[in-house]
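Below is one structure; the comments refer to it alone.
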Amino acid sequence: DLPIDGDDPPPSGPDVSHLVTEDDEPFDNILSEKQQRRLTEPLYSSLSGPPPEEDGAPRPFAALANVGLFTKPENSPVVPDVMLSIDVEIDADLSKKENRSYFLWRHGKPPDVVIEIVSNDEGDELGIRFQRYRRARVAYYVVYDPLHCLREATLRVFQLSGDLYQRIDAARFESLGLALREWHGTFENHTDTWLRWCTLDGELVPTGAERAEDAEKRARDADKRAAEERLRAEDADKRATEERLRAEDADKRATEERLR
């Protein structure tokens, strides 16, 4: 049986020097690797994470991919494909071992959302992992199965209710101001269907590249509008000049008529 995660150790935390926080043997497929970054990079580059506090101050968060989640020192970690935790700060010194994994006792809370990307039928996303996230009290557990390895829906979302997970219809996380939805498009020269963060009203959280592309488009549009306005001004000046010349010519002809 899996060990049941009990009360968290005190915030000071135990010694973690003996824990294996990384095995240096990542082994994932390209699609999953791209999808993981699709779900982490936009939150940082677009600053479109959770809604701010009442005083307007931004809320810190950690969006991590393929990082160990330790619930207790004596338990082996579970490694989510993606996890998002609100109101936590990652220490700037990542050379220290106690800062290189998500230690629940150090951050004082479990992740708010864990996402598993299914690429085969060996990950047991609906079995062991499901139970471990439930016991860790992860508020939302998302299973994304783009290849239909589990032979059911592409997207499954579970919300913690008491001590149990209840399946819910939509990937909406009201307290985070975020949701998830599928989107078909191109990411890093690969066109596919991707799971993406969006706001609660469905607006996509853009990647850094999309933000840059949008800024470039706005700049090009502004240049185009400025050029068009300049041409209109030049055309107006030309018409005004032509009108003045016609008036001068009319005055000249009128003067000549009077002198005859």
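The values are calculated or read from the model by the stated rules, or taken from the named source; none is laboratory data. From a predicted model like this one, the values you see are computed outputs, not experimental measurements. We place every Cβ from the backbone using ideal geometry, glycine too, and count neighbours over all the protein chains shown. The accessibility values were calculated without ligands, DNA or RNA, using every heavy atom of the protein model including side chains. Shrake-Rupley method; radii C 1.70, N 1.55, O 1.52, S 1.80 Å.
Extension gain GLU174-ALA233, at 0.36 nm per residue separation less the Cα-Cα distance, in nm? Provide the component values of the computation, followed by the final result.
Numbers: separation 59, 0.36 × 59 = 21.24 nm, distance 5.05 nm.
Gain in length upon complete extension: 16.2 nm.
With every protein chain left in place, what is the accessible area of THR40 in Å² (1.4 Å probe, nearest 10)?
20
Which whole-number percentage describes the relative contact order of region 129-260, with Cα contacts under 8 Å and a sequence gap of 6 or more?
RCO, region 129-260: 11 percent.
Measuring with a 1.4 Å probe in the full set of protein chains, what accessible area per residue, in whole Å², belongs to region 130-229?
Each residue of region 130-229 exposes 56 Å² on average to a 1.4 Å probe.
Quick one: pull the percent of accessible area on region 213-257 belonging to carbon and sulfur, 1.4 Å probe, ligands and nucleic acids left out. Show your work: numbers first, answer last.
Details: 2000 of 3980 Å².
After summing per-atom areas, the C and S share lands at 50 percent.
So how strong a dipole does region 82-182 carry about its Cα centre when Lys and Arg Cβ are +1 and Asp and Glu Cβ are -1, to the nearest 20 debye? List each step's numbers first, then the result.
Working: 15 positive and 17 negative charges, 57 e Å.
My answer is approximately 280 debye.
Rounded to the nearest Å, what's the spacing between the alpha carbon centres of region 61-77 and region 199-259? Just the number, please.
A separation of 58 Å, based on Cα centres.
Given a 1.4 Å probe and heavy atoms of the protein chains only, how would you sort ILE90, ILE115, ILE168, largest accessible area at the top? Each step should come with its number before you reach the end.
Working: ILE90 65, ILE115 0, ILE168 40 Å².
Descending order: ILE90, ILE168, ILE115.
Give me the compactness ratio for region 113-260, meaning the Cα radius of gyration over 2.2 N^0.38 Å.
Numbers: Rg = 32.0 Å, N = 148, 2.2 N^0.38 = 14.7 Å.
Here the Cα radius of gyration is 2.18 times the empirical estimate.
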